[in-house]
Each structure stands twice: as structure tokens, then as C-alpha cells.
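Before any comments, here is the structure.
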Amino acid sequence: MSGATEEAGSEILRVEGLTMRFGGLLAVDAVDFAVQRGSITALIGPNGAGKTTVFNCITGFYRPTGGRIRLRRADGSVAELQRLKDHSIARAGVARTFQNIRLFAGMTVLENLLIAQHLKLQKATGFGIGAMLGLSGYKAAEAEAIAKAVDWLRATNLLDRADDAAGALPYGAQRRLEIARAMCTGPALLCLDEPAAGLNPRESDDLAKLLAAIRDGTATASAPTSVLLIEHDMGIVMRISDQVVVLDHGRKIAEGPPATVRSDRHVIAAYLGEEEEA
Amino acid sequence: MTAPGKAGRLGAALLDAAKAMLVAFGLFVVMVGLRTDVSSSGALLLRTRWMDVALLCAAVFVLRLAMALWVRPRLPAAGSALLGTGLTRAGLLFGPALLAVALVLPFIPGIGRYELDLGILVLTYVMLGWGLNIVVGLAGLLDLGYVAFYAVGAYSYALLAQYFGLSFWICLPLAGILAAFWGVLLGFPVLRLRGDYLAIVTLAFGEIIRIVLLNWVSLTGGPNGISGIPRPTFFGLPFSMSGGPGTFAGFFGLEPSPSHRVIFLYYLILGLALLTNWVAIRIRRQPIGRAWEALREDEIACRALGINITNTKLTAFALGAMFAGFAGAFFATRQAFISPESFTFIESAIILAIVVLGGLGSQIGIAVAAIVMIGGFELFRDLDEYRMLVFGAAMVVIMVARPRGLVGSRAPSVLLGERRRIDASLVGEGRG
Amino acid sequence: MRQGPLRCQMLQNPLRSPTACVTVGTTVPPQKESALAYALQQLINGISLGMIYGLIAVGYTMVYGIIGMINFAHGDIFMVGAFVALIAITLLTSSDLMGGPAAIILVLAISMVFTALYGWTVERVAYRPLRGSFRLAPLISAIGMSIVLQNFVQVSQGARVKPLEPQVQGGIELMRDGNFVVQLSYMQMLIIGSTLAVLAVFTWLVTQTALGRAMRACEQDRRMASLLGINTDRTISLAFVIGASLAAVAGTLYLLRYGIADFFMGFIVGVKAFTAAVLGGIGSLPGAVLGGLLIGLIETFWSAYFSVQYKDVAAFSILVLTLIFLPTGLLGRQEVEKV
């Protein structure tokens, strides 16, 4: 934990010259930005600005046409995310949520959180044989995983719903569960795709508190985690972000603390006429 | 209900039944009314059967009317859901009861050779159903060529025994391993395919394996199959009628009897089926089993959680194939004869039907479905050529009545507090 | 009665000999000096077989496009079509009306009408009640329906293979090379001609009429189509009716060309036609025809040059390879995964 604080302020994620082309369409054009360790960085922009594309490149769902995405983990090792695909991104330490919530709807809340700890648990099973025979090594690992899941359930106020099917939860609870699930993978960077979409004001408040707690490492016993989010709700973006990156038409048009960005004339021009909740 | 409403309903029902009769007439007038026969000279002759057409049409009219007037109004809307919970609850008692009956079946008075043979047959399908359930029910991968691995197991044992003289007990694990190996080999390139593509590719694999078995005459005997496959021994003691000291009867000092072997085969398949069940139940509570179910629910979310989708799918595919391989080896030793005819698509379809009718992922549901389908099929043996017709119709009717199968709700693999019901409508069905 | 060991595979039908498929596309063994002529003959044979597959494949692809299910009973609808045609031909022959193009057209029409009724009924009985439910349920129901159709025909028409005397004989000699004659038979002309005619009508129906628009709308987004006032139930029924009529044409032509019908003929032809639909890109109508042609050609050439026994293996292997390297088929729409 001390290692993380020492390096706090340094970059956890550096995006350089990120370009994504779909056929003839240039969706993202040489975007550079960084996410500081222990910060909440918001990626904003009008519809069609390329936010989701950038996001999908970082989380490995698209392979970028060009550019580099480097993740510097707490132990100093660097992962070149643009070279990784699919599940290896999550293994490198990037966890994500989805705009249109993707939970394992037919499985219980607790099961959802255990699947998030699959890698660790799978290692403890001894190629499935140890677990099959009920050896103690696996039992201990499972107990630990359940304890971690319970911590996150408490943090997201879902403890009493642990044995309900995830699909049976109300919308707001599903959003929180998805965040809890992403955190259970023990990520270095948490990426959230419109986490406040569809939430009522009180739920948005709770979300803001939860994200700040995740950033500061006070949500559970786990380490502080940097957060990157896409959000349309300017209220929440301006309130919780430490850094804001603004995209428009696939290019970065501004970057800085919320107050600076809010008064930036490019940003105002890009947003003219929309998104004036702030 | 008021009288005019009732009359109106009757009128509507009559009209509806008349329409159904008209359709039935169209369906049957050619196919039933005119029967083609091949004469001795090879030319085609026509025979008319208008009476049969009339009877069929009348039957459709009456049935349709009965459906509209009596059956449908009495079907409670929540009936099927109720049945589901009832069955799940009963399953707690029903499962052990069923197991107890299965364990003592050979010694129940009145159970003869025929009943035991039927029991062996049902258990074979129960085992295949439980094996396929790992692939379809848990991992959500639609496999229409499951019988291919059954064939691999059967032929592995037959060929290993024939060419190398290996005994059943050595071949059994080998057959499983070989089937699993084929599962990996075939699964690896195609498991990333989307749902129905995977279904058709697995069907194609099933057919390819069958055609190869059929045509590679020098190895497999082609359509004549392989006969004289060694019968199983009781861990080295053959079931022989001679009763000598080296035989099962002689060793245990029993009167030699042909039923010893049948009883042994019965316990063998019961043991194999229970092994499949045990592994499936245990593995559901393992990380890998949960990952399979997660894969069925949402593949993209799995990727985002760092789960290697291809490997996870492959393990499910290979494990399912392995159990089919075991069952195949058992089949070969029981029949002492195998040919490609035993491994056609219809077998895959029946096993899949058992899994779906039982309720995907439900062990007890699948056992009940296998008993109902295979046992029921046997029960109707006097129907002769109509039997398959009834069988197919039953598949349609059961599916229409209970699309989620007998047991639709899912049991969680791990609990923090007490169990709550997971409704079937929430459970995913997989894209694969 | 109640003794003797059960056959473990009791659900087998001993009559369904998997070896008893017709050997198609082979004529004369190749001779060195007439290699080109031989190849040309195979091309003609392959195209005419492929047309039949294409007609069936359209039915698969149309249903798949609209309701996203594999209509497993479609191959058996093809079989029913062949049987209706067989009965119609026998009936016409017995009243001395058979012979000449008018009779063939009449047979085609009879087969289309009655087979379409089967297609409609299958959808109504086995699929409509399951609309919008669990994805595997209609598949199992379809497999059940396929068993029902096969055994219904077995019971009503008997299990024996029905031979039909050649109805259309003769042909045009296209080319002579040594002692090898390349022939375009009248039967093949009939197959190609009627397939093209039927497909032309079908294309007009889909692209130019309100019905076709409704079908395409359902294919794009069924819920939206129904919100816009399209009667989706009726549209789906019509897709089944059209698919079954095309299969009836295929069944009739198949019967006329190969001169046999049996209740199990629909399975392997159905699987290959579905393979054709997937090969062409499922959901794509031109793709289905293209896929059918390719499967027909592959099968014919494979039988002509390699081995007849493994012709189905060749067709299936092509399917597997296509899917591995071209997962959406030849003309299928690329599906972008939305996250």
C-alpha cells in the first residue's frame, strides 16, 4: 500500500497517439492523455465524439489501428495494452463495467463476485483436482474470496441481496453490483462506462461517494484504485473528477481539472446547446 | 358466465374446429388418402383410403373442440410455474428416493431380465444426458453432434480390444481420454463460433465421424461393424456359464447364472452415471463450473473479467466428450457389437431433447426426462411403427407446454445466507 | 414378447440405411483424352444439383433471418414435397395424363400447394406457441416435428423406397470428345429452368411487394416492425409457406431427376441445404442460392474425381473451413459486437 502512495501523482495509464479507424471512418484521431495514479479521470464529449471507442481500445474490446496504451502497475511493471486482447487486458489489471449493464443475470449476486475472482480461485484448485476432492487449500481460497465479496457487498450496500439472482435486482443496485464485480478482480485501473446513466439523484450521490472511496482505498480494505470513466451527467463529472479529458469528433480538445475545462471555449463550443445540467 | 357468452364461445370454438378440420383435410387428403405401392413389376400403384382421411379429420375436429372448450379454460395461468417449484421442492426428497430405487432395483421381486435391460438403457441415456448437460446446460454451447464422442468411445474400446487385446478396465479410461482428446481437437477451431453456427458445425462433425466409420472398412468393418467385442469381466473374473474356479460364479461360490452379467452391467452403468452426476455437481461449485455458467450468461462480461473463453469452453466440451466416451465404451461391451448405425444424428437429437426437456442444468430433471422419454418409448412398444410418430409428437407437445423443461429454476452454487428462488426467465441460454 | 436384450439404440430405424443415398453426378469414369469434356459434364451436373440445394437453402435462410431459428423440419418438408409429387405423378399416369410440360407444371403446382400447407401447419403447431421463449425450445420442437413428419410419411406411405420411372428423358449433345459425350439433359434443363423461374418470382416477391417489405422489416427488427403495424405473425407464416413451396419445387425436381423417394431422404439433403445456407451467409437470400450451387459443385466434383463415399465429408469439411475462416459466410452481414 505504501508503494502506491509513494508513486501517487505519477501516471498509471498513458495513452499516446491512439487512433482507431473503422473502414473509412476515423473514429479516434491521435488522442493523447494520461490517468494519474489515485485519481478519477473523466472522459467526456458530445455524442459520437469517440469516447466509447477510446474506452473499448483501453479495455481490449477493439484493437487500435495505431498508438500506444501503457499501464504502469503499482509494482512498476508496464503493460502495453494495445498488444493485449480480450481476457489478457483484465489480467493485466484493467477492469470495466458496461453502459448497458452486463451481469450474469441468472446467477446470484455472490456468484457474480466469485466469478470476478476466477483467476485466483482457479489457481487454488490445483487444476481442478484438488477442489474436486475438497482439499483444504481450495477451501481457504474460497473462504477468502467470499470474504472479499462480502466486503464489496457491504461497500455497495448489497449485502442483504447476496443470494438473490443478479437479474432480479433493481436497476441502481445492478449498477453498483457491476462496480463491485469489477473491483473484485483487484484491478489497478477501474474503467466505468456511464456509471450514472439511469440513476436517480440520490443514487447518483451514493455513486459519487462510492467512486471517491474506491479512489482513496477507503471502500474496503483493498488498495486505492484509479478510476477512468465516461459520463454524460456533467453534475457528477464536475463533482468527483480530478481530471477531465474532452473529446470531440475523435480528437482531444481539452484536458485539465474540471474548473479549467468548464470554462474552456472549445469545450463550450462543442457542447453548445446541450448538456447544461452543470 | 352468462348464457350468450357461452353460446358465443361455443360458436367460436366450433368455427375454429371446423377450420382445423379443413387444414387437416388438406394435409391428409393426399398423403393418407392416396397410398402409393410398388407392384411386383416395379411400377407404382395407387390405393385410396378415403375412410382414413375422414376419420382423421373427424379426430382433429373433436380434439380441437375439446381443447378450446375444456382443456384450455382449465389450464391455470400459473400452473406451469407451480409445477416447476413443486418439482424442485420434491426434488429434495425425490432425488434420494429415485437413487434408492435404482440401487436396489435388481433385487426387487418381479424385476426380471427385461426390466434390468430397460434400466440399463435408461441409465445409459441418463448418463449421456448428464454428460451433455455439462456442455449445453452449464456452458451454454449447443452441441448437435454429441453422439460422435459416444461413437469414439465405443470404437476406441472395440478396436483396442480387437487389435491389442486390452481389457475393458484399461480401455474404459482410455476411451474417455480419447473422446476428450477428440473433443478438444474438434472444439478448438470452432468454439468461438456463434450459437447456431456451432450447432451446425458440431452436427457436421458428428456426420463426418459416422461417414468415416462407415467407409473405413479395413479398420472399422464399415457398415458390418465390429462384432465379438469382449464382454466385461468382474475385475478379471469372466461371467462364464462353466462355473469354473476362474469365473465370477466359481470364485464367489455361486450357481452360474446369465443374470449375473446383466446385474453387473446394471451396476456398472449406474456407477458410471453416478460418477458423471458427482463430477457435474462438484464442478458446478468450482471456479471452472461457475465460469461455464457465467459464459452461458454473458460471454463479453467474462472476457472483461479476465476469463479465457476458449479454454473454458474447451474444458466443458472435453469433459462432456469424456463422459460420452465412457458411455460409448460401456455400450460396446454391453452389446458386444457396434456399427455406425448406432451413432446417427437422431441419437444426438434424443440426448439433447432429454437435456432440454429435463430443464437445462438440472440433474434430477434430466434423470426424470430420460426415464419418461426412454421408458415411455419402451412402454409404447406395441404401437410398432406409430411409436416414433408418438415420440416426435411428444417432444413437440412437451416443449410447447414447458419450454423451460421440467425443472426450470436454477440452484445457486454457493450461498451466503439462505436459498432464494432464481426464476428460469433470468437464466441465460448461451449463445453457443 | 417381453424378453431378450433390448437394443441399446432402439430409437434407430433399421430401414434407415445411411448408405442408401443416391449417387449423384457420376456418369462415366474419366478418360485421359476427354478430361475437359468430363469436367464440363460435372459442371453441368453440379449446377443442376446445386440449384436444388439452393431452393431448399432459401427456406432455411429466410426462416433463420426472420425468427432466428434453425427450422430442422425443413428437410422433411422437402421430402413431403417429393412424396406429394410422386403421388400426383402416379395419379396422372394412371389416368393417362402424364407427359409433356403441362403435366410437369401441374405436378409442381400440386406439390407446392400441399407442401405449403405442411409448412404453414408446422409453424403454427410447433413454433408459434414458442415464439419469444427460450432459444433451445423451438429447436427441440423442430427436431420433434422432423421426427413426426418422417414417421408420418413412413406410416402413411410405407417404409419402402419408391422408385419412379424416368419422366423426362433425352437431352442435347453439347460436345463430343473421343467417345465421351457431354450432355445437357432435358431434365437438367428443367431443373435449371424451373429453379430460375421460381427464384425470379421469389425475388420479385421479396424486393418489389409489400409482403417482401414486411418480411425484410421483420428480419431487421421484429419488434419495431410490429410497432409499425406489420402483422408479424402473418409475415412469419408466409415465410414458412414460401419456404415450403420452394422446398416442394426442389423435392419434385429431385424426384424427377433421381427417380426415388423415401421417408428419410429429407435428412441428409436438408443438412446439406442448411450447410449451403450457412456457407452463403445465413440470412442472405442470394447467399443461399450461391451456397447451394457451391455445395452442389463441390459434391459433384468430389464424387467424380475422388470418392463417392466421402462426398458428404467434403461438403461438411468445406462448411467447417468456411466458418473458421469466414464466420459470417460468403455474403453474410458482418456482425459488429456491441459492448
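For the stretch C:228-260, name all the residues that are assigned to a helix (DSSP H, G or I), of a type in the set (Gly, Ala, Ser) and over 18 Å from the mean Cα position of the chain (by Cα).
Of everything in the stretch C:228-260, just one residue is assigned to a helix (DSSP H, G or I), of a type in the set (Gly, Ala, Ser) and over 18 Å from the mean Cα position of the chain (by Cα), namely C:Ser237.
Hey, B:Ile371 hits all of (1) crowded, with 21+ Cβ neighbours inside 10 Å; (2) in contact (Cβ under 8 Å) with a residue 40 or more places away in the chain but one; which does it fall short on?
Here B:Ile371 clears every test but (1).
Check B:Thr202 against each of (1) within 14 Å of chain C (Cβ to nearest Cβ); (2) farther than 30 Å from C:Pro138 by Cα and name the one condition it does not meet.
Just one mismatch for B:Thr202, condition (2).
Just to verify a result, which residue in the stretch C:221-254, among those that are charged (D, E, K, R) and at pLDDT 85 or above, is surrounded by the most Cβ atoms within 10 Å (Cβ to Cβ)?
Residues of the stretch C:221-254 that are charged (D, E, K, R), as a first pass: C:221-223, C:233-234.
Applying the additional criterion that residues be at pLDDT 85 or above yields C:233-234.
Details: C:Asp233: 13, C:Arg234: 11.
So, considering only residues that are charged (D, E, K, R) and at pLDDT 85 or above, the one surrounded by the most Cβ atoms within 10 Å (Cβ to Cβ) is C:Asp233.
State yes or no: is A:Ile58 within 14 Å of chain C (Cβ to nearest Cβ), surrounded by 24 or more Cβ atoms within 10 Å (Cβ to Cβ) and of a type outside the set (Ser, Thr, Tyr)?
yes
Please pick out the residue among C:Val161, C:Val182 that is more than 7 Å from chain B (Cβ to nearest Cβ) and in contact with a helix residue (DSSP H, G or I) (Cβ under 7 Å, 6 or more places away or on another chain).
Working: C:Val161 fails: in contact with a helix residue (DSSP H, G or I) (Cβ under 7 Å, 6 or more places away or on another chain).
Result of the check over C:Val161, C:Val182: C:Val182.
C:Met189 - would you say it is surrounded by 14 or more Cβ atoms within 10 Å (Cβ to Cβ), among the hydrophobic types (A, V, I, L, M, F, W, C), free of Cβ contacts under 8 Å to residues at least 24 places away in the same chain and more than 8 Å from chain B (Cβ to nearest Cβ)?
Working: surrounded by 14 or more Cβ atoms within 10 Å (Cβ to Cβ): yes; among the hydrophobic types (A, V, I, L, M, F, W, C): yes; free of Cβ contacts under 8 Å to residues at least 24 places away in the same chain: yes; more than 8 Å from chain B (Cβ to nearest Cβ): yes.
So C:Met189 passes the test.
Could you check C:Ala214 against (1) closer than 30 Å to B:Ala353 by Cβ; (2) away from every other protein chain (no Cβ under 14 Å) and say which number it fails?
With respect to (1) closer than 30 Å to B:Ala353 by Cβ; (2) away from every other protein chain (no Cβ under 14 Å), C:Ala214 is out only on (1).
Considering the stretch A:123-182 alone, what residues qualify as being modelled with pLDDT under 85 and closer than 18 Å to A:Lys209 by Cβ?
If the condition is that a residue be modelled with pLDDT under 85 and closer than 18 Å to A:Lys209 by Cβ, then no residue fits.
Scan the stretch A:141-157 for residues that are crowded, with 22+ Cβ neighbours inside 10 Å and assigned to a loop (DSSP other than H, G, I, E, B) and jot them down.
Matches in the stretch A:141-157: A:Thr156 only.
Out of the residues in the stretch C:293-331 meeting the condition of being among the polar types (S, T, N, Q) and at pLDDT 85 or above, tell me which one is surrounded by the fewest Cβ atoms within 10 Å (Cβ to Cβ). Break it down stepwise before answering.
Of all residues in the stretch C:293-331, those among the polar types (S, T, N, Q) come to C:300, C:303, C:307, C:309, C:317, C:322, C:328.
This time we only want the ones that are at pLDDT 85 or above, so: C:300, C:303, C:317.
Values: C:Thr300: 24, C:Ser303: 22, C:Ser317: 16.
Among residues in the stretch C:293-331 that are among the polar types (S, T, N, Q) and at pLDDT 85 or above, the one surrounded by the fewest Cβ atoms within 10 Å (Cβ to Cβ) is C:Ser317.
Mind telling me which of the residues B:Gly365, B:Gly376 ends up being assigned to a helix (DSSP H, G or I), at pLDDT 85 or above, farther than 16 Å from B:Gly206 by Cβ and out of contact with any Asp or Glu (no Cβ under 7 Å at 6 or more places or on another chain)? Don't jump to the end; show me each part of the working.
Numbers: B:Gly376 fails: at pLDDT 85 or above.
Matching residue, one of B:Gly365, B:Gly376: B:Gly365.
Somewhere in the stretch B:311-319, is a residue away from chain A (no Cβ under 14 Å) and touching a helix residue (DSSP H, G or I) at 6+ places or on another chain (Cβ under 6 Å)? It would help to see each step written out before you state the result.
Step one: filter the stretch B:311-319 for residues away from chain A (no Cβ under 14 Å), giving B:317.
Filter again for touching a helix residue (DSSP H, G or I) at 6+ places or on another chain (Cβ under 6 Å), leaving B:317.
Yes: one or more hits.
With the requirement that a residue be closer than 24 Å to A:Gln122 by Cβ and at the interface with another protein chain (Cβ under 8 Å from one of its Cβ atoms), what does the stretch A:145-165 give you?
Those that are closer than 24 Å to A:Gln122 by Cβ and at the interface with another protein chain (Cβ under 8 Å from one of its Cβ atoms): A:Ile146, A:Val150, A:Ala162, A:Asp163, A:Ala165.
What residue, among those in the stretch B:323-360 that are among the aliphatic types (A, V, I, L, M) and not in a helix (DSSP H, G or I), is modelled with the highest pLDDT? Don't jump to the end; show me each part of the working.
First pass over the stretch B:323-360, keeping only residues among the aliphatic types (A, V, I, L, M): B:324, B:327, B:329, B:332, B:336, B:338, B:346, B:349-357, B:360.
Checking which are not in a helix (DSSP H, G or I) leaves us with B:336, B:338, B:360.
Working: B:Ala336: 88, B:Ile338: 92, B:Leu360: 78.
The extreme case among them is B:Ile338.
Taking the options B:Gly361, B:Gly250, name whichever one is under 30 Å from A:Ile115 (Cβ atoms) and either buried (at least 24 other Cβ atoms within 10 Å of the Cβ) or away from every other protein chain (no Cβ under 11 Å) (or both).
Answer to the selection: B:Gly361.
Going by the conditions given, is C:Val182 more than 21 Å from C:Phe78 (Cα to Cα), β-branched (Val, Ile, Thr), crowded, with 16+ Cβ neighbours inside 10 Å and in contact (Cβ under 8 Å) with a residue 60 or more places away in the chain? Don't jump to the end; show me each part of the working.
Working: more than 21 Å from C:Phe78 (Cα to Cα): yes; β-branched (Val, Ile, Thr): yes; crowded, with 16+ Cβ neighbours inside 10 Å: yes; in contact (Cβ under 8 Å) with a residue 60 or more places away in the chain: yes.
Yes: the conditions hold for C:Val182.
Checking B:Gly271 against (1) away from chain A (no Cβ under 11 Å); (2) small (Gly, Ala, Ser); (3) crowded, with 24+ Cβ neighbours inside 10 Å: exactly one of these is not met. Which one?
The one condition B:Gly271 does not meet is (3).
In the stretch A:244-256, is there at least one residue being touching a residue at least 60 places away in the same chain (Cβ under 8 Å), out of contact with any helix residue (DSSP H, G or I) (no Cβ under 7 Å at 6 or more places or on another chain) and in a loop (DSSP other than H, G, I, E, B)?
yes
Farther than 30 Å from B:Phe181 by Cα, out of contact with any strand residue (DSSP E or B) (no Cβ under 8 Å at 6 or more places or on another chain) and surrounded by fewer than 24 Cβ atoms within 10 Å (Cβ to Cβ) - does that describe any residue in the stretch B:404-414?
Yes, some residue in the stretch B:404-414 is farther than 30 Å from B:Phe181 by Cα, out of contact with any strand residue (DSSP E or B) (no Cβ under 8 Å at 6 or more places or on another chain) and surrounded by fewer than 24 Cβ atoms within 10 Å (Cβ to Cβ).
Given the condition facing chain C (nearest Cβ under 8 Å) and free of Cβ contacts under 8 Å to residues at least 40 places away in the same chain, answer yes or no: does some residue in the stretch B:321-343 qualify?
no
Given the residues B:Gly95, B:Gly131, B:Gly119, which is the only one that is in contact with a Gly (Cβ under 6 Å, 6 or more places away or on another chain), touching a residue at least 40 places away in the same chain (Cβ under 8 Å) and surrounded by 15 or more Cβ atoms within 10 Å (Cβ to Cβ)? Before the answer, list the steps.
Numbers: B:Gly95 fails: in contact with a Gly (Cβ under 6 Å, 6 or more places away or on another chain); B:Gly119 fails: in contact with a Gly (Cβ under 6 Å, 6 or more places away or on another chain).
Answer to the selection: B:Gly131.
When residues of the stretch B:226-255 are filtered for being in a loop (DSSP other than H, G, I, E, B) and either more than 18 Å from B:Tyr266 (Cβ to Cβ) or of a type in the set (Ser, Thr, Tyr) (or both), how many remain?
Number of matching residues: 15.
Mind checking which residues of the stretch A:81-98 are surrounded by fewer than 17 Cβ atoms within 10 Å (Cβ to Cβ) and either touching a strand residue (DSSP E or B) at 6+ places or on another chain (Cβ under 6 Å) or of a type in the set (Ser, Thr, Tyr) (or both)?
Correct list: A:Ser88 only.
I'd like the full set of residues that are in contact with a strand residue (DSSP E or B) (Cβ under 8 Å, 6 or more places away or on another chain) and assigned to a loop (DSSP other than H, G, I, E, B), limited to the stretch C:261-290.
Passing the criteria: only C:Asp262.
Please list, ordered by first then second residue, the pairs with beta carbon atoms under 8 Å, 6 or more apart or interchain, first in the stretch B:47-62 and assigned by TED's automatic domain parsing to the domain that holds B:Gly26, second part of a helix (DSSP H, G or I) and exposed (fewer than 15 other Cβ atoms within 10 Å of the Cβ).
Listed pairs, sorted by first residue: B:Phe61/B:Ala18.
The values are calculated or read from the model by the stated rules, or taken from the named source; none is laboratory data. Because the structure is predicted, anything quoted here is derived from the model rather than measured. For neighbour counting, all protein chains shown are included, and Cβ atoms are generated from backbone atoms with ideal geometry for every residue, glycine included.
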